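Here's the structure, in structure tokens; my notes come after.
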């Protein structure tokens with residue numbers, strides 16, 4: 001494994017197993033991941049929340065079982081925010097998607113086995129262009145995996161966000177008619193999913209920014225003022241761990257552009 005770039009705020013977070021256990025419900029409000037019973041998996045999560053993404057991925061893979069979930073989350077978050085080489089980023093997303101698919105076969109009732117496949121393929125699709133991804137049939141894979149996630153975990157806020165973003169991006173690229181007929185993408189469904197995500201995880205910076213982006217994709221510039229307000233709220237969020245810090249940093253950068 002090539003050396004990954006470091007987290008942009010080294011040392012800012014210093015969880016241990018006790019403090020992570022105490023904050024688990026709040027930190028995993030978005031993905032509904034249960035508190036691990038395996039000590040090795042919990043230690044991998046400590047590394048993740050402190051921003052040691054490569055070490056977290058390696059520890060998760062070594063632990064196996066539910067450790068695959070922390071490995072996939074660490075890989076995807078690192079690739080999305082910190083990897084600056086496009087090919088490396090896309091390769092990491094594909095690796096995570098393949099691992100998640102294998103995890104589904106071993107543990108089909110694990111919501112995050114489905115979610116991380118969808119997330120990784122969705123980000124990969126954005127990287128190669130949404131139009132290309134749809135042509136390759138990735139859209140239906142992403143939609144199916146997210147719907148399965150929500151069937152298994154109806155309160156999975158992150159899956160609500162990702163599925164809402166799917167509806168928004170498809171309609172943005174191919175229009176409402178083709179989007180609805182070919183891919184089952186609908187504006188009202190997308191907006192409802194975004195709103196539900198924010199109800200389930202009201203303090204989530206990423207829910208706010210994705211809703212802002214999706215709102216403009218689906219309803220145009222007339223929603224720009226509301227979208228900017230959501231970005232401002234996201235930028236003002238207090239980040240509890242490394243991933244949340246990256247979400248907040250992204251919102252702040254977008255506001256400056």
Looking only at segment 20-40, count every residue that is more than 24 Å from residue 200 (Cβ to Cβ) and not in a loop (DSSP other than H, G, I, E, B) and tell me the total. 2
Any idea which residue in segment 135-156 is farthest from the chain's Cα centre (by Cα), counting only those that are buried (at least 22 other Cβ atoms within 10 Å of the Cβ) and part of a helix (DSSP H, G or I)? 139
Given 203, 220, which one is farther than 13 Å from residue 162 by Cβ, surrounded by fewer than 24 Cβ atoms within 10 Å (Cβ to Cβ) and at pLDDT below 90? 220
Test result for residue 174, surrounded by 15 or more Cβ atoms within 10 Å (Cβ to Cβ), over 23 Å from the mean Cα position of the chain (by Cα) and without any contact (Cβ under 8 Å) to a residue 60 or more places away in the chain: yes
Residues (in a helix (DSSP H, G or I) and more than 11 Å from residue 217 (Cβ to Cβ)) located in segment 180-193: 180, 181, 182, 183, 188, 189, 192, 193
Whether any residue in segment 109-118 is out of contact with any helix residue (DSSP H, G or I) (no Cβ under 6 Å at 6 or more places or on another chain) and either at pLDDT below 95 or part of a helix (DSSP H, G or I) (or both) is what I want to check. no
Would you say residue 214 is modelled with pLDDT under 95, within 20 Å of the chain's Cα centre (by Cα), buried (at least 23 other Cβ atoms within 10 Å of the Cβ) and under 20 Å from residue 249 (Cα atoms)? yes
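The values are calculated or read from the model by the stated rules, or taken from the named source; none is laboratory data. Predicted, not measured: the structure shown is a model, and the values here were computed from it. Here Cβ is always computed from backbone atoms with ideal geometry, including for glycine, and neighbour counts include all displayed protein chains.
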